[in-house]
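The values are calculated or read from the model by the stated rules, or taken from the named source; none is laboratory data. This is a predicted model, so every value here is computed, not measured. Here the Cβ positions follow ideal geometry from the backbone for every residue, glycine too, while neighbour counts run over all protein chains shown. Just the protein is used for accessible areas: all its heavy atoms, side chains included, with ligands, DNA and RNA removed. Shrake-Rupley method; radii C 1.70, N 1.55, O 1.52, S 1.80 Å.
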Amino acid sequence: MALLEINNVTKRFGGFTAIHQVNLSVVEGSTHAIIGPNGAGKTTLFNLVSGLITPDEGSVEFRGRPMVRMKAHEIVKIGMSRSFQRVNVFSGRSCMENVQVALIANAGLHYHPFRDASRLFLREAAELLAMVNLTEETARRAGELAYGKQKQLELAVALAAEPKLLLLDEPTAGMSITETRSSIRLIKDIVARKGLTLLFTEHDMEVVFGIASTISVLHHGKIIATGTPEEVRHNEQVKRIYLGKD
Ligand code: ADP
Ligand code: MG
């Protein structure tokens, strides 16, 4: 069953068409990668899916519900959670507080986020920090963490929303090879353990082929191929345009 359906979606910025008549189904339980070089439209597609921007044409349906005019926080409420290409955490706050605040928001509680956070969701936040291997960093300020660890924290924050569908925009961007490898292992493990559906964009082919069950190739705002890693790897057009080799 498709968890997410992108139907004939087009997005223009002025005269420039960033996303052109894109159709895409994200099947429940799949690990679906969107690949394509810088400027292909990956982040724009994510922004459309997560409700940050609205399509000029077409529609997005999540769990059978049209997302037109749905607010970003409403989309999170129905089970979609995302991280951004650039790190997006409260750098002056501890790891614990970052996750607590996300849990408070998820519970729909109207607490003053930082004044009251100290007492709330301590156990749940600790569990999420453990899940992303940040137990030792619990009390450290997010801004002091190495880049890779900030991304792990961001993942914990995204998981605090208890998503069905997790959207990760270039989760390994800016990471060293070592950070990339451990990060991918972590993401794979969490997705399997929590039974999540994952939609992610990535420029690193090793990462993509190591984790994706389905790959869609975006080229100048159009999807030119969707299939298993093997199918995409052997697609002539994809080889010509992106991989540059076998
Ligand atoms: P990717 O994530 O694949 O690198 P993006 O979705 O960020 O690509 O960008 C796709 C294209 O759309 C690029 O040419 C980019 O310059 C353009 N673009 C993205 N966002 C905007 C915007 N808000 N206004 C104008 N052009 C944009
Ligand atoms: Mg991008």
E236 vs (1) more than 26 Å from A2 (Cα to Cα); (2) more than 16 Å from ligand 2 (Cβ to nearest atom); (3) free of Cβ contacts under 8 Å to residues at least 40 places away in the same chain; (4) open to solvent by less than 80 Å² (accessible area, probe 1.4 Å): all pass except (4)
Sole miss for T43 among (1) open to solvent by less than 80 Å² (accessible area, probe 1.4 Å); (2) in a loop (DSSP other than H, G, I, E, B); (3) touching a residue at least 60 places away in the same chain (Cβ under 8 Å) is condition (2)
**Message:** Can you say whether T172 is within 16 Å of ligand 2 (Cβ to nearest atom) and modelled with pLDDT of 90 or more, as far as the supplied structure shows?
**Reply:** no
Counting only residues in the stretch 183-208 that are modelled with pLDDT of 85 or more and open to solvent by 50 Å² or more (accessible area, probe 1.4 Å), the one nearest to R63 (Cα to Cα) is identified as G195
Note on R82: of the conditions (1) within 16 Å of ligand 2 (Cβ to nearest atom); (2) touching a strand residue (DSSP E or B) at 6+ places or on another chain (Cβ under 7 Å); (3) more than 16 Å from K164 (Cβ to Cβ), unmet is (3)
The lone condition A33 fails out of (1) surrounded by fewer than 22 Cβ atoms within 10 Å (Cβ to Cβ); (2) under 27 Å from L129 (Cβ atoms); (3) of a type in the set (A, V, I, L, M, F, W, C); (4) within 16 Å of ligand 1 (Cβ to nearest atom) is (1)
Does at least one position in the stretch 118-130 carry a residue that is at positive phi, buried (at least 16 other Cβ atoms within 10 Å of the Cβ) and away from ligand 2 (no atom under 16 Å from the Cβ)? yes
Per the filter on the stretch 46-66, residues of a type in the set (V, I, T), away from ligand 2 (no atom under 16 Å from the Cβ) and surrounded by fewer than 21 Cβ atoms within 10 Å (Cβ to Cβ) are T54
The residue that is modelled with the lowest pLDDT, considering only those in the stretch 67-98 that are in a helix (DSSP H, G or I) and open to solvent by 20 Å² or more (accessible area, probe 1.4 Å), is A72
